[in-house]
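The values are calculated or read from the model by the stated rules, or taken from the named source; none is laboratory data. Model, not experiment: these values are computed from the prediction. Every residue, glycine among them, receives a Cβ derived from its backbone with ideal geometry; neighbour counts consider all protein chains shown. To get the accessible areas, we keep the full protein, side chains included, count just its heavy atoms, and leave off ligands, DNA and RNA. Shrake-Rupley method; radii C 1.70, N 1.55, O 1.52, S 1.80 Å.
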Amino acid sequence: MTRHLSMPRLQAYLKDTELPARSVLWPVEEAQKIIRYGSFVGSLVEHHRTLDRAMIHARAHIEGCERSNVSVTSGTVILADRLTGSKGRFTRTWYAPQGGLWGCMIYISTLLPRYRILVPLAVGIACCEAVREQGAEQAVIRWINDVLIDSRKVGGFLAENFTGHRSREDYCLLGFGININNSRFPDELDQIATSLKNRLGREVDIEQFTYCFLAKLCWNLGLLYYREQRELEAGNSDSADKHPLVARWLELSDSVGRPVVFGFDVRENPQYRATVTGITNDGGLLLKLDDGAEVVEHSGEIRYVKG
Amino acid sequence: MTREIDFDEILARYRSDPYKYIDIVAPHTGTVSYLVEKGNEVEAPGGEWKHIPGTSLFKINRENNPKTVNAPINGIISEIRGECEGRFVEAGEKLLTIRHPLKKKDIIESILKEVLYLFPAPESAKFFFSLDIQSRFDKKGTRGVTIRPGEEVFTMSLMKRDTPVTYTGVEGIIHSIYFKPGVSIQQGEPLVGVCPVDKLGLIQKVITRVKAEWDAM
């Protein structure tokens, strides 16, 4: 249950847990700056027992604000104990019963396009970090942002952008679904999905997990602003240095080196086989085809196959 | 679309010069070193997924970071700015021109692109029709779907982030589709060509006439 979540408690979590943890690798002042950049995350937390789809609810909320000429609070998080009409990409099923973390964050994007492109990476990293922190150390990211434990999906994300009809704000809806204490899946998902409870053999405190996930989302989105500000300040928008978010993704992902099948909708229309050789600074997947040619994909998905 | 179409003028133009000229510009600042000469034949990207790069045209080196630029299309190097060899150039500076021979199909497409309203890709990404538009295609078939300004016609997909794209052109029938689902489109490239309903007959006339006249040549 996430009904008692609050902004002050998230702030306390950031200060007491996230900042000290990040300060091991980052100078404290820089870490504070990054957290300040991402601190819009969870500015408002809305809890529902049941929703159809959190994304639809978020859109309706935005429409209502637009009609009333009221600003939408960036970082508003909409959570539900269960979703009755949830879905994945394309026409795929996403099963969201009681026990998981289901929701969406409304985020008003102010990043330049070349930094905004990494937002989907940030949400996958945040989930993988949070899942590992619960003890599932084997959690990994599969490009772009699927989080897997032992080859089964534990977390999936959707990102949708649209422009407000009146305000012209660039709204980004970040939908998230993380299997935590829900342990049973319908037949079609049984072999490809798992939950933290199934893997850890114990229940996880969802409220605590949510603070942890949102704190990590705050950090990883904050990193995007931090890097943007530094590059703009230095007048170097095409830096060859690895973006810290990309570097972190590489640490958490098992995609590099894997033979894969690639497709825009890989389940319905697999396009080709290749081996993942890396990731570009703008999140593109580097693939080497059987004939030695190299391609970069910025959109689509992969499935691991045997070499 | 409001102006009258002078078929004779358009056809005469293509008949006298059945080529398309593609200017290749510097993608960013840097020092240029050519890999081709005027008159060289160049190849387009190849392979099943167009993943084999076209002929290497030049290298551009910025801060010890050399980048090879390849031909996006086949043809002959018709112009090369030799004075740029070994020189530092600005981003966007024209470096050479490729003369690409047009086929009948290309010419029909080129003429259609002159007479249809072309709706461009707002960003470099992959595109697909919105669910509503796709279901209208499924029901009514090709050239049976009318779109209006303000309608969400496409979904743009980039890094698993989907953005609805609102159509802002003239009301009309989707006559030509220039993208395939799952294939990346560069920013500014046309996604669809739209024809107002009352001009459909005219468009058909263009196609029929080009086919007939080109075959007679």
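A compact table of results
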quantity	calculated
Filter result for the condition that a residue is farther than 22 Å from residue A:7 by Cβ, crowded, with 21+ Cβ neighbours inside 10 Å and of a type in the set (Val, Ile, Thr), over A:210, A:194	A:194
Pair list, Cβ under 6 Å, 6 or more apart: segment B:156-169 residue under 16 Å from residue A:116 (Cα atoms) and more than 7 Å from chain A (Cβ to nearest Cβ), other residue of a type in the set (Gly, Ala, Ser) and in a strand (DSSP E or B)	B:156/B:125
Strands (runs of 3 or more DSSP E) enclosed by segment B:84-140 - at least 3 residues per element that are open to solvent by less than 50 Å² (accessible area, probe 1.4 Å), in contact with a strand residue (DSSP E or B) (Cβ under 7 Å, 6 or more places away or on another chain) and over 19 Å from residue B:21 (Cβ atoms)	B:125-129
Test: residue in segment A:133-140 that is open to solvent by less than 10 Å² (accessible area, probe 1.4 Å), within 12 Å of chain B (Cβ to nearest Cβ) and closer than 18 Å to residue A:254 by Cβ	no
Within segment B:20-43, tally of residues that are surrounded by 15 or more Cβ atoms within 10 Å (Cβ to Cβ) and assigned to a strand (DSSP E or B)	9
Among the residues listed as A:260, A:246, A:266, the single one being among the hydrophobic types (A, V, I, L, M, F, W, C), in contact (Cβ under 8 Å) with a residue 40 or more places away in the chain and under 20 Å from residue A:306 (Cα atoms)	A:260
One residue from A:21, A:12, A:58 being open to solvent by less than 70 Å² (accessible area, probe 1.4 Å), in a helix (DSSP H, G or I), touching a strand residue (DSSP E or B) at 6+ places or on another chain (Cβ under 8 Å) and in the same structural domain as residue A:213 (by TED's automatic domain parsing)	A:58
Within segment B:184-201, considering residues that are open to solvent by 20 Å² or more (accessible area, probe 1.4 Å) and more than 22 Å from residue A:162 (Cα to Cα), the one farthest from the other protein chains (Cβ to nearest Cβ)	B:201
Tally of residues being open to solvent by less than 50 Å² (accessible area, probe 1.4 Å) and either out of contact with any strand residue (DSSP E or B) (no Cβ under 9 Å at 6 or more places or on another chain) or under 12 Å from residue B:19 (Cβ atoms) (or both) across segment B:58-83	3
Any chance residue A:193 is small (Gly, Ala, Ser), in contact with a strand residue (DSSP E or B) (Cβ under 6 Å, 6 or more places away or on another chain) and in the same structural domain as residue A:85 (by TED's automatic domain parsing)	yes
Segment A:86-115: number of residues that are within 13 Å of chain B (Cβ to nearest Cβ) and more than 20 Å from residue A:193 (Cβ to Cβ)	7
Residues (part of a loop (DSSP other than H, G, I, E, B) and either surrounded by fewer than 18 Cβ atoms within 10 Å (Cβ to Cβ) or modelled with pLDDT under 95 (or both)) located in segment B:161-180	B:168, B:169, B:170, B:171, B:178, B:179, B:180
Residue match in segment A:91-108 (condition: outside the structural domain of residue A:268 (by TED's automatic domain parsing), within 19 Å of the chain's Cα centre (by Cα), charged (D, E, K, R) and closer than 19 Å to residue B:162 by Cβ)	yes
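For (1) of a type outside the set (Ser, Thr, Tyr); (2) within 12 Å of chain B (Cβ to nearest Cβ); (3) farther than 28 Å from residue A:207 by Cβ, each residue gets a yes or a no:
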{"position": "A:117", "(1), (2), (3)": "yes, yes, yes"}
{"position": "A:128", "(1), (2), (3)": "yes, no, no"}
{"position": "A:142", "(1), (2), (3)": "yes, yes, no"}
{"position": "A:152", "(1), (2), (3)": "yes, no, no"}
{"position": "A:157", "(1), (2), (3)": "yes, yes, no"}
{"position": "A:165", "(1), (2), (3)": "yes, yes, yes"}
{"position": "A:170", "(1), (2), (3)": "yes, yes, yes"}
{"position": "A:176", "(1), (2), (3)": "yes, no, no"}
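Yes/no matrix, rows are residues, columns are (1) surrounded by fewer than 16 Cβ atoms within 10 Å (Cβ to Cβ); (2) at pLDDT 95 or above; (3) part of a loop (DSSP other than H, G, I, E, B):
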residue: A:30; (1), (2), (3): yes, yes, no
residue: A:39; (1), (2), (3): no, yes, yes
residue: A:62; (1), (2), (3): no, yes, no
residue: A:74; (1), (2), (3): no, yes, yes
residue: A:78; (1), (2), (3): no, yes, no
residue: A:82; (1), (2), (3): no, yes, no
residue: A:85; (1), (2), (3): yes, no, yes
residue: A:91; (1), (2), (3): yes, no, yes
residue: A:106; (1), (2), (3): no, yes, no
